[in-house]
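I have placed the structure first, in the form of structure tokens, so that the comments after it can refer back to it.
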Amino acid sequence: MSNFLGRLFGRSKEESSAQAAKRRLQFVLVHDRINLPPDLMTAMKEEILQVISKYVQVAGESIDIALKPSEGDINLLIAEVPFAKTLSTPRGALEDNDDDDLDA
Amino acid sequence: MGGRVVTVTSGKGGVGKTTTTANLGLALARLDKRVVVIDADIGLRNLDIVMGLENRIVYDLVDVVEGRAKVKQAMIKHKQFPDLYLIPAAQTRDKSAVSPADMVQLCNDLRKEFDFILIDSPAGIERGFRNAMAPADDILIVTNPEVSAVRDADRVIGLIEAENKGPARLILNRVKMDLVRKGDMLSADDVTDILAVKLIGIVPDDEAVVSASNSGTPVTLQDNSRSGQAFRNIARGCAARTYLSCSLMRKAGC
Ligand SMILES: Nc1ncnc2c1ncn2[C@@H]1O[C@H](COP(=O)(O)OP(=O)(O)O)[C@@H](O)[C@H]1O
Ligand SMILES: [Mg+2]
């Protein structure tokens with residue numbers, strides 16, 4: 001989770017405390033605003049995972065969800081679904097490789 | 001039409017609502033406006049002492065609402081500005097003594113004789129907050145550049161919008177420029193990026209605010225004070241009913 005969010009909200013090593021405050025606030029406020037209780041968030045993740053695995057082979061048992069503030073009046077709901085690198089890759093092969101670049 | 005009701009509120013307590021109300025009240029009076037400030041923080045009477053009017057209280061807001069006193073009897077005239085009055089909060093009674101409808105009624109009466117009715121609201125989302133919100137034409141949210149205060153401000157902004165009372169406007173109080181420059185305090189731009197409201201005032205953290213409260217003479221009466229100047233800028237926007245955004249004010253060289 002933190003890894004994913006770190007990439008999403010552009011955390012860097014040289015981040016100042018003000019930048020950290022801004023990043024953390026922007027993250028927490030979209031969650032405050034959507035006001036989705038943790039159990040419903042978990043249920044939503046499970047359903048999204050079920051739907052996606054109907055069509056493609058998913059690596060791992062869970063997905064990460066983040067809400068990202070965006071321009072104007074909308075926020076983006078972003079889901080990170082761990083995918084097998086190639087369809088023939090065995091499921092277990094990617095499990096400890098969670099540092100993959102999202103953009104690659 | 002008549003006077004305008006301006007409610008000063010916040011999510012978190014202690015961010016500077018009372019300081020802001022007192023200073024805006026005085027700054028507006030200095031602009032020759034007829035002003036009444038109402039302390040709606042029932043049980044936590046504060047505005048009187050910050051404005052130096054604490055020794056002259058006979059009746060309070062609850063006395064007026066419950067009919068024991070006429071509005072005129074509860075209004076305390078400022079020593080220096082004869083067109084500035086305070087209606088103090090009750091110190092002892094519980095908050096349910098006043099209802100939102102009471103506040104609307106009271107403010108409608110006051111609109112006839114005043115240009116501005118400023119309400120010092122309690123923080124947060126309890127009953128007293130709704131009382132202060134009910135009659136408001138303009139809502140000014142005070143926050144500090146700190147994570148907890150900004151988060152709580154967002155919550156209150158959401159509530160105000162949900163009740164179609166907006167748009168709320170933001171005053172960022174207690175900014176320490178040296179910390180902002182070092183990257184150790186959220187800047188005004190950071191805060192406007194985070195909160196979806198117009199920023200209408202940036203007030204520096206200033207020791208003079210505390211000494212001014214000590215003596216009951218709000219800092220805006222000191223012409224050379226930076227925080228006092230910030231409050232005067234906000235008051236000008238308020239008086240013009242335009243509430244210039246801070247970026248515009250900077251362009252205009254304020
Ligand atoms: N700009 C400022 N610089 C320094 N101290 C301030 C400033 N604004 C408020 N304070 C101090 O912060 C404290 C809380 O302010 P107050 O106006 O009573 O907050 P609130 O009404 O929101 O609870 C007071 O001691 C006040 O003197
Ligand atoms: Mg107060």
Note on B:Val156: of the conditions (1) among the aliphatic types (A, V, I, L, M); (2) over 18 Å from B:Leu199 (Cα atoms); (3) open to solvent by less than 10 Å² (accessible area, probe 1.4 Å), unmet is (2)
Exactly one condition in (1) away from ligand 1 (no atom under 16 Å from the Cβ); (2) at pLDDT 95 or above; (3) in contact with a Pro (Cβ under 8 Å, 6 or more places away or on another chain) is not met by B:Val197; state its number.
(2)
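Of the residues B:Asp178, B:Asp206, which single one is more than 13 Å from B:Cys246 (Cβ to Cβ), away from ligand 2 (no atom under 16 Å from the Cβ) and more than 13 Å from chain A (Cβ to nearest Cβ)?
Numbers: B:Asp178 fails: more than 13 Å from chain A (Cβ to nearest Cβ).
None of the other options fit; the residue is B:Asp206.
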Region B:127-149: number of residues that are of a type in the set (Asp, Glu) and within 16 Å of ligand 1 (Cβ to nearest atom):
1
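The rows are residues; the columns are (1) within 14 Å of chain A (Cβ to nearest Cβ); (2) among the small types (Gly, Ala, Ser); (3) under 23 Å from B:Leu221 (Cβ atoms); (4) away from ligand 2 (no atom under 16 Å from the Cβ).
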position: B:Ala101; (1), (2), (3), (4): no, yes, no, yes
position: B:Lys112; (1), (2), (3), (4): no, no, no, yes
position: B:Glu126; (1), (2), (3), (4): no, no, no, no
position: B:Phe129; (1), (2), (3), (4): no, no, no, no
position: B:Ile141; (1), (2), (3), (4): no, no, no, no
position: B:Ile157; (1), (2), (3), (4): yes, no, no, yes
position: B:Gly183; (1), (2), (3), (4): yes, yes, no, yes
If you take the residues of region B:112-149 that are modelled with pLDDT of 95 or more, of a type outside the set (S, T, N, Q) and in contact with a Leu (Cβ under 7 Å, 6 or more places away or on another chain), which of them is nearest to B:Ala240 (Cα to Cα)?
B:Phe116
Being more than 16 Å from ligand 2 (Cβ to nearest atom), surrounded by 24 or more Cβ atoms within 10 Å (Cβ to Cβ) and either more than 25 Å from B:Ser99 (Cα to Cα) or within 18 Å of the chain's Cα centre (by Cα) (or both) is true for just one of B:Ala27, B:Ala22. Which residue is that?
B:Ala27
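Condition test on B:Asp223, is it surrounded by fewer than 17 Cβ atoms within 10 Å (Cβ to Cβ), within 14 Å of chain A (Cβ to nearest Cβ) and out of contact with any Gly (no Cβ under 6 Å at 6 or more places or on another chain)? First the steps, then the outcome.
Numbers: surrounded by fewer than 17 Cβ atoms within 10 Å (Cβ to Cβ): yes; within 14 Å of chain A (Cβ to nearest Cβ): no; out of contact with any Gly (no Cβ under 6 Å at 6 or more places or on another chain): yes.
No, not satisfied.
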Can you report the number of residues in region B:84-136 which are within 13 Å of the chain's Cα centre (by Cα) and over 15 Å from B:Gly25 (Cα atoms)?
6
So which of B:Leu47, B:Leu24 ends up being in contact with a Cys (Cβ under 7 Å, 6 or more places away or on another chain), under 15 Å from B:Ser121 (Cα atoms) and not β-branched (Val, Ile, Thr)?
B:Leu24
Working only within region B:171-187, note down all residues that are of a type outside the set (A, V, I, L, M), open to solvent by less than 20 Å² (accessible area, probe 1.4 Å) and in contact with a strand residue (DSSP E or B) (Cβ under 8 Å, 6 or more places away or on another chain).
B:Asn173
Of A:Arg24, A:Arg11, the only residue that is at pLDDT below 85, open to solvent by 70 Å² or more (accessible area, probe 1.4 Å) and within 29 Å of B:Asp152 (Cβ to Cβ) is A:Arg11
Residue in region B:30-48 that is within 9 Å of ligand 1 (Cβ to nearest atom), out of contact with any Phe, Trp or Tyr (no Cβ under 7 Å at 6 or more places or on another chain) and open to solvent by 40 Å² or more (accessible area, probe 1.4 Å) present
yes
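The values are calculated or read from the model by the stated rules, or taken from the named source; none is laboratory data. Nothing here was measured: the structure is a model prediction, and the numbers come from that model. Cβ: placed from backbone, ideal geometry, glycine included. Neighbour counts: every protein chain shown. Note: areas computed on protein heavy atoms with side chains; ligands, DNA, RNA excluded. Shrake-Rupley method; radii C 1.70, N 1.55, O 1.52, S 1.80 Å.
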